[in-house]
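Some notes on the structure that comes next.
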Amino acid sequence: MRSTVACANFVSLLVLGVLILALGWGAAFTERPLASLPFALHVSLGVVAGALLLAQLVLRLVVPPPALPARWSKARRAAAGFFEFATYLALALLVATGALWGYFGGAPLAVFGFPLPASAISDPRLAEILGPAGAQALGLAGASASEALLAAHRLLAILFAVSIALHLALGSFARFRPQAPPPEAPKFAPALIEPSPTAGLASRLRLFGWLQFWPQLAIALASGVLLQFSTSGRAFSPSETGYGDAIYWSLYAFLLLCAATALAFFYTRAARFVARPDYLGVHKITAFWFLSLGLLIGLVGVILSFVGLSLSVSLLVAKTVSQPPGIAITDPNKIIRALDVFILLVNFALLLAHFIGVGIASWLTSEATRTRFRFAVATAPQQSRA
């Protein structure tokens, strides 16, 4: 019973963490982020997440979770434990940096209407808190405390999102499922059992899963950093937001890329199940469902990132054409800003990453279709004789 409570609390913590990230990111697109409803919910739910995290740590000490499946390799068990620890650590640091940012920055933070305490000192420099040597070692000698804490808060948000995605992709929740006995394999002819009809597809699935995972992971991390710079720049240089804004489309394309990266890692894990001789016999309808899902995510991601890239290019072209030569520009909306270039790079990188996913998913789906056809042709005579 207590292990069930611990599992439910952990799931609630992950769901609440994802919701907090979405609210914080959504607040950055409003005209007055600190006075918006998403920001207020972001702060309030962040405090609730901190309380759930403390309860989860206590539950882990009182009720240790079940061991990871013994059939997993040592590397997979170590990776699952590392990303679970990274999830806890990132969430704890997120709550801490958010609270300190509100305390030192004097932001009007409130938890469900109750105001949080603020520092009497008006946003001190980081050198005044850590000392000149400590601030110089971090390369933030000229930054204020709120600026440094806000930058750390945003980077920790990326780490938290990546840790959740990889933790789920590793299938760490398998420890909470009861170990059912393996299903009885259908009795096929020896020619169908040895060799496995899906052995070749399983090896290609493992290879191309890694070929998709690593480029998409690198592009997702780089795009997340660039998106953080872009959203930070909007606080100092706000502009019109909505469907006509390129960053609006890049945000959703980035979220789809995170899902596609986790699914690519799942390809490599699913290869061992696909290689079983009875895979197509047991999973007649649901076989290779992950390839169809990967193709769908990739196609939607290509469309979103292409729309964002088109808007970015049209914006840069419009600003370039509207600048008369030799005349000073007084309208800030006609100046090409660094964040415009950042958004262009993000959309281009996202488009490339989703093209990789679509190409690999399309080819693997074609190979899976051929394998299904060969399996159906090979089993038809056996079934007719039966």
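The values are calculated or read from the model by the stated rules, or taken from the named source; none is laboratory data. Because the structure is predicted, anything quoted here is derived from the model rather than measured. So basically every Cβ, Gly included, is an ideal-geometry build from the backbone, and we count neighbours across all protein chains shown. For accessibility, only protein heavy atoms count, side chains too; no ligands or nucleic acids. Shrake-Rupley method; radii C 1.70, N 1.55, O 1.52, S 1.80 Å.
Below, the figures for the structure above:
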| quantity | calculated |
| --- | --- |
| Failed condition for Gly233, given (1) farther than 21 Å from Ala361 by Cβ; (2) modelled with pLDDT of 60 or more; (3) in contact with a helix residue (DSSP H, G or I) (Cβ under 7 Å, 6 or more places away or on another chain) | (2) |
| Subset of segment 186-224 that is outside any helix (DSSP H, G or I) and either touching a Lys or Arg at 6+ places or on another chain (Cβ under 8 Å) or surrounded by 14 or more Cβ atoms within 10 Å (Cβ to Cβ) (or both) - its residue that is modelled with the lowest pLDDT | Phe188 |
| Single residue of Ser12, Ser73 found to be without any contact (Cβ under 8 Å) to a residue 24 or more places away in the chain and polar (S, T, N, Q) | Ser73 |
| Filtered residues of segment 55-75 (kept if in a helix (DSSP H, G or I) and open to solvent by less than 30 Å² (accessible area, probe 1.4 Å)) | Gln56 |
| Flag for Gln179 being under 20 Å from Thr365 (Cβ atoms) and either modelled with pLDDT of 85 or more or surrounded by fewer than 19 Cβ atoms within 10 Å (Cβ to Cβ) (or both) | no |
| Candidates Gly359, Gly298, Gly294, Gly281 - the one that is at pLDDT below 90 and either more than 16 Å from Tyr248 (Cα to Cα) or open to solvent by 30 Å² or more (accessible area, probe 1.4 Å) (or both) | Gly281 |
| Residue match in segment 86-93 (condition: farther than 18 Å from Ser163 by Cα and surrounded by fewer than 16 Cβ atoms within 10 Å (Cβ to Cβ)) | no |
| Segment 6-30, residues that are buried (at least 17 other Cβ atoms within 10 Å of the Cβ) and outside any helix (DSSP H, G or I) | Ala28, Phe29 |
| Complete set of residues in segment 31-54 that are part of a loop (DSSP other than H, G, I, E, B) and touching a residue at least 60 places away in the same chain (Cβ under 8 Å) | Glu31 |
